[in-house]
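The values are calculated or read from the model by the stated rules, or taken from the named source; none is laboratory data. Worth saying up front: this structure is predicted, and the values here are computed from it rather than measured. When we count neighbours, we look across all protein chains shown, and the Cβ atoms used for this are built from the backbone with ideal geometry, even at glycine. Heads up: the accessible areas ignore ligands, DNA and RNA and are worked out on the full protein's heavy atoms, side chains in. Shrake-Rupley method; radii C 1.70, N 1.55, O 1.52, S 1.80 Å.
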Amino acid sequence: MRLVHLADLHLGYRQYQRLTPGGVNQREADIATTFRVAIDRIIALRPDVVVVAGDIFHSVRPTNQAILHAFLQFGRLQRQLPEAIILLVAGNHDTPRAAEMGGILQLFAQLGLNVVDREASRLSFLEKELSILAVPDVPGMIRPPLTPDPSARFNVLVIHGEVQGMLPAAAATTDRAAVEISHDELGAARWDYVAFGHYHVYREIAPNAYYSGSIDYTSANTWGELYEQRVAGIPGKGFIERDLESGRHKFHALPPTRPLLDLPPINASGLASAELDDRIRALVESVEDGIDNKVVRVTIRDVSRHVARELDHKAIREYKRRALNFQLDLLRPEATRTNVSGAPGRRPSLNEIVREKLAARPLDPDIDRTALVERAMKYLDQAEAVAPTAAVIES
């Protein structure tokens, strides 16, 4: 009994201002391509069960184009795997703010998919001796006891939410789930497998309980995800294949549709603006195949305000033109406090303060946090053009 677990598709996700020739946001098109590739891979594996653990869409009111793409791809999956059980469970991005607002996920029940989007539900598949307890992320929902079905040979829990104490602080504050679960309530050892959604990085909670992570980079903490993956030796985004009988487990990495490059940081201490220009240019030119059409970040530490003002902004504009997005993070030298009561440290810039506050601020599920942060940064950049004070230059 082979199961495929994926989550956090975030179809309809938009970022940056670049459009395809057809007028679609380029990152939205990238995510759609990644999803199509994921469906190709799943069809080739021919599993018995496919579970999607929430956040199928990035917004509770996705565009017609995102809905159509999802309908076509899930329809293709159902046609190619007619004997497979396919289950969609709602995440916080799929759930309307008000109970009277209908969700879009029920549309996919018309394809013959199993959809759980309003309240937790236990689904029994007698022919496969399988029971699935599906728990969507719905505010105020009365959660049933998380207990397996003793009459079933295989028991699977699919849940979109946060395991208490397991998520990094940045992830726990950026995009809160309504469902929070303790290890005691989870009781992972009682299940044959637990499929989590919500956190965007592949992570083991227990030997039989995992976050599959997102299929592409769609969170407000993209660079943090890249760092965590690099430290943990995770090859990127993807989905999980699990054999419920043998416990055999495999993470299938998906090739990134759009390369994201977090280039090595530059220390600007003691450098004049012309020297720093040369360092930036050399770093950009060192990128294999160039920065064109990629998402790129360059972090420069210990750069003073006057050096930042005198940088070659024409060259920086050219980098931004070539890349899908070129982000230049300028971090000022740490200011040491003279009073003995406080610890030394760098005073955060206005950009950093605003970004942090917006990342932690609770938002309605249908508000795009990434777009909100980008708009705030754009307004700060416009203010910088009048009186240069910002510590981050980005497109």
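Each Lys and Arg adds +1 at its Cβ and each Asp and Glu adds -1 at its Cβ; summed about the Cα centre, the chain shows a dipole of about 600 debye.
Summarising the strand pairing of the chain, around 35 percent of its internal DSSP beta bridges are antiparallel.
Backbone phi angles across segment 247-258, fed through the Karplus curve with coefficients 6.51, -1.76 and 1.60 (θ = phi - 60°), yield HN-Hα couplings of x, 4, 9, 9, 9, 9, 6, 9, x, x, 5, 10 Hz in residue order; Gly and Pro are listed as x. Shown for the chain are the DSSP H helices of 20 Å or more along their axis, judged by Cα atoms, with a mean Kyte-Doolittle hydropathy of at least 0.0: 26-45. Among the trypsin sites (Lys or Arg not before Pro) in segment 262-325, none sits in a DSSP loop with a Cβ that has at most 10 other Cβ atoms within 10 Å. With both labels modelled 7 Å from their Cα along Cα-to-Cβ, the Gln80 to Gln110 distance reads 2.3 nm.
Modelled spin-label separation between Met141 and Arg36, with each label point placed 7 Å from Cα along the Cα-to-Cβ direction: 3.1 nm. Taking segment 36-109, which trypsin sites (Lys or Arg not before Pro) meet the DSSP loop condition and have no more than 13 other C-beta atoms within 10 Å? Qualifying residues, ordered by number: Arg97. Using P(r) over Cα pairs in 20 Å bins from 0, in percent as the read-out, say which of (1) 21, 57, 21, 1; (2) 26, 52, 16, 5, 0; (3) 26, 52, 20, 2 was calculated from these coordinates. Computing P(r) over Cα pairs in 20 Å bins from 0, in percent and matching it to (1) 21, 57, 21, 1; (2) 26, 52, 16, 5, 0; (3) 26, 52, 20, 2 gives (3).
Structure remark: mean-square fluctuation, Gaussian network model of the chain, C-alpha springs under 10 Å; the largest value among Ser214, Ser304, Ser286 belongs to Ser286.
Label-to-label distance, Arg230 versus Leu372, with points set 7 angstrom from Cα along the beta-carbon direction: 2.9 nm.
Under 5 Å from the amide H of Gly236 lies no amide H of any residue 5 or more positions distant or on a separate chain, with H modelled from the backbone and absent for Pro and chain starts. Straight-line cross-link reach from Lys128 at under 26 Å between alpha-carbon atoms covers these lysines, not counting any fewer than eight positions away in the same chain: Lys250.
Which percent of the accessible heavy-atom area of the chain goes to carbon and sulfur, probe 1.4 angstrom? Here it works out to 51 percent.
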